[in-house]
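Student: Just dropping this structure here.
The values are calculated or read from the model by the stated rules, or taken from the named source; none is laboratory data. The model shown is predicted, which means the values in this text are computed figures rather than measured ones. Methodologically, a virtual Cβ is constructed for each residue, glycine included, from the backbone with ideal geometry; neighbour enumeration extends over all protein chains shown.
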Amino acid sequence: MTALRDVLLLGASAVAGMVGSAGGTASLISYPALLAVGFPPLAANVTNSIAFVGAWPGCALASRPELRDQGPRLRRWAPIVVAGSALGAGLLLATPARAFDRAVPFLLAFAALALLFQPQVSAWLARHPAVGTHRFLLPAGLIAVSAYDGYWGAGAGVMTLALLMITTGQGLAGSNALKNMILGIADLTCCAVFLACWRVDWAAVAPMAAGFLIGGMIGPTLTRRLPANVLRIIAALAGLGLAIHLWIGS
């Protein structure tokens, strides 16, 4: 049973890492996989957040062309992202498990809809650049999305991608590469909070982190070469279905 669980978590997180690093919502795949093998919602969210750190190195390696000369921006944004993510992670740990269970269906539905309509949002943003007109939107947006990522995470990638395309004027591939690095900083931060305050199931984290690493290395290449595909729609519809199922059962 343990070997089967490891294979399921490895496969689900590899697909999730691919979807997430290509601009989608990874947790709509990896989080239900944790529920399927018996994790309660709060533990599944914490385990998923810690394992997702594994996607960061793969994304960084695969996105080197887009990340060239982006170091100063990331260093400037990092303190904002760290503060927001720590706030979100602290809020999660302070939330009673039952309250989080009730919120999960709505968070899942929001993330699924964000993923489902991501191409339309990206296309609209590409046609309506707004560089230089949102002086305070970027820092405020980074605080908000990193806090959301620390608390829940699913859908944070789509929101961060939209924020960057609005405020930086970069194309999809460049914004997606920056988004992956920003979420990596946020995930490292909330991971540190969880490690200090939570008993981590490393037997589940290990195969998921390996899967995220593999998927994270593949996703940016897909972003360069492929349009949004059936996988995104399937993941979004599966997320909506799971949200409805959890809402009915709560």
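Student: Determine which single condition residue 17 fails, assuming it passes every other condition in (1) in contact with a Lys or Arg (Cβ under 9 Å, 6 or more places away or on another chain); (2) in a helix (DSSP H, G or I).
Tutor: (1)
Student: Report whether or not residue 63 is within 19 Å of the chain's Cα centre (by Cα) and at pLDDT 85 or above.
Tutor: Considered against the rule, which asks whether it is within 19 Å of the chain's Cα centre (by Cα) and at pLDDT 85 or above, residue 63 comes out as no.
Student: For residue 140, are the conditions met, namely being farther than 27 Å from residue 5 by Cα, at pLDDT 75 or above, assigned to a helix (DSSP H, G or I) and of a type in the set (Gly, Ala, Ser)?
Tutor: Against the criterion (farther than 27 Å from residue 5 by Cα, at pLDDT 75 or above, assigned to a helix (DSSP H, G or I) and of a type in the set (Gly, Ala, Ser)), residue 140 qualifies.
Student: Let me ask another. Consider only pairs whose beta carbons are under 7 Å apart and that are at least six residues apart or on different chains; among these, list those whose first residue lies in the stretch 85-108 and is of a type in the set (D, E, K, R) and whose second residue is part of a helix (DSSP H, G or I) and buried (at least 16 other Cβ atoms within 10 Å of the Cβ).
Tutor: 101/41
Student: On the basis of being at pLDDT below 90 and surrounded by 18 or more Cβ atoms within 10 Å (Cβ to Cβ), does residue 55 make the cut?
Tutor: Spelling it out, residue 55 is indeed at pLDDT below 90 and surrounded by 18 or more Cβ atoms within 10 Å (Cβ to Cβ).
Student: Filter the stretch 20-45 down to residues that are under 13 Å from the mean Cα position of the chain (by Cα) and part of a helix (DSSP H, G or I) and give me whichever is surrounded by the most Cβ atoms within 10 Å (Cβ to Cβ).
Tutor: 20
Per-residue answers, yes or no, for (1) surrounded by fewer than 20 Cβ atoms within 10 Å (Cβ to Cβ); (2) at pLDDT 80 or above:
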{"site": "155", "(1), (2)": "no, no"}
{"site": "160", "(1), (2)": "no, yes"}
{"site": "168", "(1), (2)": "yes, no"}
{"site": "183", "(1), (2)": "no, yes"}
{"site": "186", "(1), (2)": "no, yes"}
{"site": "202", "(1), (2)": "yes, yes"}
